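Here the structure is laid out as structure tokens; the discussion comes afterwards.
The values are calculated or read from the model by the stated rules, or taken from the named source; none is laboratory data. A quick note: this is a predicted structure, and the numbers were derived from the prediction, not measured. FYI the Cβ positions are ideal-geometry reconstructions off the backbone, even for glycines, and counts take in every protein chain you see. Just so you know, the surface numbers come from the protein's heavy atoms only, side chains and all, with ligands and any DNA or RNA stripped out. Shrake-Rupley method; radii C 1.70, N 1.55, O 1.52, S 1.80 Å.
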Amino acid sequence: MTFQTFRRAHPNVAILGATGAVGVELIRCLEQRDFPLARLKLLASPRSAGRKLAFRGEELTVDAVDNASFNDVDLALFSAGAGQSRTWAPVAVAAGAVVVDNSSAFRMDPDCPLVVPEVNLDMLVAHRGVVANPNCVAIIAAMAIQPLHRAFGLTRVRLSTYQAASGAGAAAMEELRASTAAHLAGEAYAPQVLKHPYAFNLFSHDSGVDLESGYNGEELKVVAETQRLLGRPNLPVGITSVRVPVLRAHTIAMTLEFPEPVSPEAAREVLSGAPGVRIVDDRAGNHFPMPSESQGQGDVLAGRFRTDLADPTGRSVCLMVSGDQLLKGAALNAVQIAEHLFADAREQLRSSEVLGEPVA
């Protein structure tokens, strides 16, 4: 693959939205994966400017984003919402940066690739300065769906998602903590972030509902993005998305229908060799994917493989997956995209013998 990417072997990196839940995880991922950057710049709105965040043993000050923020930046990781992305991505690209955007701003833009490296890395070649990071549920689901699609074909997908507070950001996570503490203490708690009481409760995903179809915005996004990631714009995808009282890591129950009969054992075998997927499938111990085990690490857990009893043809397989919404569902996926961009740029520099000279 050949991309127009970084101008130097050790890129200067900026994070926009550095103080948010995903922004903090982006910083951690860059550090834990030893991303070979030269300099890290932390950016946020003026109200967050001046905060200090740790990176590689140093305290970095968060700056307010402005028109000069992306000068001399090679890679910009965005996680500040669609409005901010639409405002600042053109500025960053004009300054020479490649943007990996975690918002919904560009996900369905035909000129912007939507990428999960394990699923459709080849799409990176089409980028024009911006690469879109998919919706967290679409990423986690596609990690399991694409290997099975590649092996057996696919005729229909049905998803039920159990989505953690992390999907609504740091404020929703704090509301879950506070409302749970209040509930256990017998105290009243008025929701501030989400519409419904969160402690010991679950409810239809909090995105707006399309009155004509009855589907909420999260469900419609997951359908469209899953189809795009798989390269199947007409693939039938059914979905119900529910917010559950879990701090982080989403879980998905899925039923996949194939053109020909597929056994649960065959599906399990395929996913056991899929990159970024780890099998958790102990029938005797009733131990299957759980958010308590998927949180804090990068693998998507897959298990509970069964034949769909509602399909006597044997063409449908049921399974469960769970993945950390803040990691593989957001920050880790973005950093993996950056790693592939960087690896190709480094190869280009090596080919032009730039690496034999001092580089930034």
> Would region 323-336 turn up any residue that is over 23 Å from Val100 (Cα atoms), part of a strand (DSSP E or B) and touching a residue at least 12 places away in the same chain (Cβ under 8 Å)?
Replying inline: no
> Which ones in region 251-271 are assigned to a helix (DSSP H, G or I) and open to solvent by 60 Å² or more (accessible area, probe 1.4 Å)?
Replying inline: Glu265, Arg268, Glu269
>> Pairs needed: first member in region 271-300, of a type in the set (D, E, K, R); second member anywhere, outside any loop (DSSP other than H, G, I, E, B) and open to solvent by less than 30 Å² (accessible area, probe 1.4 Å); C-beta distance under 7 Å; at least 6 residues apart or different chains.
In response: Arg278/Leu301; Asp281/Gly303; Asp281/Phe305; Glu293/Leu301; Asp299/Val277
> When you go through (1) more than 17 Å from Leu159 (Cα to Cα); (2) in contact (Cβ under 8 Å) with a residue 40 or more places away in the chain one by one for Ala253, which number turns out not to apply?
Replying inline: (1)
> Could you say whether any residue in region 56-72 is touching a residue at least 60 places away in the same chain (Cβ under 8 Å), surrounded by fewer than 22 Cβ atoms within 10 Å (Cβ to Cβ), closer than 22 Å to Phe342 by Cβ and touching a strand residue (DSSP E or B) at 6+ places or on another chain (Cβ under 8 Å)?
Replying inline: yes
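Restricting region 77-111 to residues that are of a type in the set (S, T, N, Q) and surrounded by 17 or more Cβ atoms within 10 Å (Cβ to Cβ), which is nearest to Thr226 (Cα to Cα)?
Ser104
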> Considering region 125-162 alone, what residues qualify as being in contact with a helix residue (DSSP H, G or I) (Cβ under 6 Å, 6 or more places away or on another chain) and either within 30 Å of Ala94 (Cα to Cα) or basic (Lys, Arg) (or both)?
Replying inline: Gly129, Val130, Val131, Asn133, Pro134, Asn135, Cys136, Ala138, Ile139
> Tell me, which residue of region 150-175 that is open to solvent by 50 Å² or more (accessible area, probe 1.4 Å) and under 17 Å from the mean Cα position of the chain (by Cα) is modelled with the highest pLDDT?
Replying inline: Tyr162
> Hey, any hits in region 295-315 for a residue that's open to solvent by less than 50 Å² (accessible area, probe 1.4 Å), part of a helix (DSSP H, G or I), touching a helix residue (DSSP H, G or I) at 6+ places or on another chain (Cβ under 8 Å) and modelled with pLDDT of 95 or more?
Replying inline: no
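Would you point out which residue out of Arg39, Arg28, Arg33 is open to solvent by 40 Å² or more (accessible area, probe 1.4 Å) and under 16 Å from the mean Cα position of the chain (by Cα)?
Arg28 is the lone residue from the list that is open to solvent by 40 Å² or more (accessible area, probe 1.4 Å) and under 16 Å from the mean Cα position of the chain (by Cα).
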